[in-house]
Amino acid sequence: MITQKSKAMSAWTHADPYRTAAIVVFALLTAASLLPTVLTPIPAMVDYPNHLARMYLLAENGKPGANPYYEVHWALYPNLGMDLLIPQMARWVGVENATRLFLLCSQLLIIGGALTLERVAKGRTQMGGFAALLFLYCLPFSWGFLNFEFGLGVSLWGVAAYLTVIERSLFTRFVVNAIFVGALFAVHFFSLGIYGAAIGFYELWRAHRQKASYHVTALRLMLLAVPVALLLVVMRATAGSVGSEGTEWLFQYKPIWLFRIMNGYNLTVSAACVLVLLVSLYLALKRDVLTIEPVGIWLAAGFALLYLVIPSKLLGTSFADLRIIPAAAMIVAAFCSFSLPSRRWVAAALLLVTGVILANLATVFAVWLSYRADYTTLIESFHRIDRGARVLTGTSGDGEDPPFRDLTQYPMAYAPTLAVHYANAFVPNLFTEVGKQPIRPIAGMQRLAIPYGGPVPIRLLSAVAAGRTATDFPPFIQTWHRDFDYLYVLGPASANPLPDRLQEVDRSARFVLYKIHRQP
């Protein structure tokens, strides 16, 4: 006998007007979600300009006129996705387009991987694609963690591939796992961790369901770890490394990230979207409209525990814990099912998810499009800089870090690093950290490099210029007025803070460029 619930499930999962409506809505939302990347030459993502600057250096390495302040040092680092791919792509489409194409491919990998994983997990697609669109511009992605985003897309495909062969021989599983471990090791180490955690939790659930012996379970998990162990041995033998020193737990931020995660530019929009989704999921579970498979519960519990115990800063990589949230949401969604009982339920569900996606998307469009003119003005200002100059970046603010800073201003933080390409300049906060990037400042400039430092508050620069230094002042600014030629002050335009040391060269709504009167 067919129950009302099975009728509803049949109505949602087979070819009928309900499913057709869902497909049409999903296709339209996907096209709209990709438009910001397609329409924006330089996406307004926090780290994106810094990555773009490094891609220019890699593409120009060895050519006449290459930047004299930086050199390339390749080693086996597990964070080289874009560094390996974009310079090759740039031969055909240019560096700027290649970097944007890399971002677009990352987004397509995320969407396609979520759909494929759900298809493999339960034989149909229902929630996975919408989950991917909900998080397509979440905080880690809007901050420009490009290798992580690309790697997470590969991870979703890897989990799907592993589940496809999970009932086959150990050798088949070993080969499939080794292929994705190798790819993810090269792209991004944390994405490899997400992949390993997902299939590890799945294998533990499988062992529990089958009442497998400890010996069999240990063998399965060991086969998953062998390729990683071998790559780590090779990395150490070739002088490679994973990130850098620095591990820090910031437990007070973990509850905040849950409400901050949905939108990287507006806390109110993010919190509202999260609350709407949480209330809707709670009601759906209470009314038996949403069901979670047992393996989905295991995965959700495993990722929740991982989120609680993982440091906020791991091996020099900041915001490690918050990256788990979008990954867990997309993976767990593959093991959830909706059974919507009527057309009204279908319309309400589609309306709700569309509203959340469009709310996030509207914020992204507003920020990204506003920065098109700002980035253009900034690039034009590079032509006012002497080629080969040393360029420092400051800020008129207090230098407060996320999550409490106004992140609509944050996409300008690393934009001056593009001077390494347009003016062959030295910029101290270009990403050049050992264990992460293959670019290094030459020996004579390493004392001025701050690979992951942001703009320096102007109050510190003013204090140094007035002779008021302190032991906690960063070494690279203690003689800034003698070491650098130009200063970008980011933030709302204001009066010259040091008229006896700085001469205004250019200004816009988001920055002022000064020439520094260097004093011996």
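The values are calculated or read from the model by the stated rules, or taken from the named source; none is laboratory data. What you see is a predicted model; the values in this text were computed from it and never measured. Positions of Cβ are backbone-derived with ideal geometry, glycine not excepted, and every protein chain shown enters the neighbour counts. When the accessible area is computed, the model is the full protein with side chains, heavy atoms only, and any ligands, DNA or RNA have been set aside. Shrake-Rupley method; radii C 1.70, N 1.55, O 1.52, S 1.80 Å.
See the values below:
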| read-out | value |
| --- | --- |
| Count of residues meeting criterion [touching a helix residue (DSSP H, G or I) at 6+ places or on another chain (Cβ under 7 Å) and either surrounded by 21 or more Cβ atoms within 10 Å (Cβ to Cβ) or free of Cβ contacts under 8 Å to residues at least 24 places away in the same chain (or both)] in the range 163-172 | 1 |
| L224 being of a type outside the set (S, T, N, Q) and under 30 Å from S318 (Cα atoms) | yes |
| Counted residues, the range 314-359 - those being of a type in the set (S, T, N, Q) and farther than 30 Å from G151 by Cβ | 2 |
| Residue among L146, L117, L52 that is of a type in the set (A, V, I, L, M, F, W, C), buried (at least 23 other Cβ atoms within 10 Å of the Cβ) and more than 30 Å from R173 (Cα to Cα) | L52 |
| Single match in L115, L85, L109 (criterion: touching a Gly at 6+ places or on another chain (Cβ under 9 Å), free of Cβ contacts under 8 Å to residues at least 40 places away in the same chain and part of a helix (DSSP H, G or I)) | L115 |
| Subset of the range 180-217 that is of a type in the set (D, E, K, R) and closer than 20 Å to L305 by Cβ - its residue that is most open to solvent (accessible area, probe 1.4 Å) | R209 |
| Of all residues in the range 486-496 being open to solvent by 30 Å² or more (accessible area, probe 1.4 Å) and in contact (Cβ under 8 Å) with a residue 40 or more places away in the chain, the one that is farthest from the chain's Cα centre (by Cα) | S494 |
| Residue list for the range 120-143, restricted to those being open to solvent by 20 Å² or more (accessible area, probe 1.4 Å) and hydroxyl-bearing (S, T, Y) | T125 |
| Hits in the range 504-514 - residues which are in contact with a Phe, Trp or Tyr (Cβ under 9 Å, 6 or more places away or on another chain), surrounded by 15 or more Cβ atoms within 10 Å (Cβ to Cβ) and either among the basic types (K, R) or without any contact (Cβ under 8 Å) to a residue 40 or more places away in the chain (or both) | R510, V512, Y514 |
| Residue identified as more than 22 Å from L136 (Cα to Cα) and not hydroxyl-bearing (S, T, Y) among L52, L84, L108 | L84 |
| Candidates P474, P451, filtered to the one that is in contact with a Phe, Trp or Tyr (Cβ under 9 Å, 6 or more places away or on another chain), closer than 30 Å to A66 by Cβ and not hydroxyl-bearing (S, T, Y) | P451 |
| From the options N97, N147, residue that is touching a Ser or Thr at 6+ places or on another chain (Cβ under 9 Å), assigned to a helix (DSSP H, G or I), among the polar types (S, T, N, Q) and under 21 Å from D47 (Cβ atoms) | N147 |
| Flag for R220 being open to solvent by less than 70 Å² (accessible area, probe 1.4 Å), charged (D, E, K, R) and part of a helix (DSSP H, G or I) | yes |
| The one condition in (1) assigned to a helix (DSSP H, G or I); (2) more than 15 Å from N147 (Cβ to Cβ) that G65 fails to fulfil | (1) |
| Any hit, the range 427-438, residues being part of a loop (DSSP other than H, G, I, E, B) and hydroxyl-bearing (S, T, Y) | yes |
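Listed here are the residues, each with its yes/no results for (1) open to solvent by less than 10 Å² (accessible area, probe 1.4 Å); (2) within 27 Å of M82 (Cα to Cα); (3) in contact with a helix residue (DSSP H, G or I) (Cβ under 8 Å, 6 or more places away or on another chain).
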residue	(1), (2), (3)
E433	no, yes, no
I439	yes, yes, yes
A443	no, yes, no
Q446	no, yes, no
G454	no, yes, no
R459	no, no, no
G467	no, no, no
P475	no, no, yes
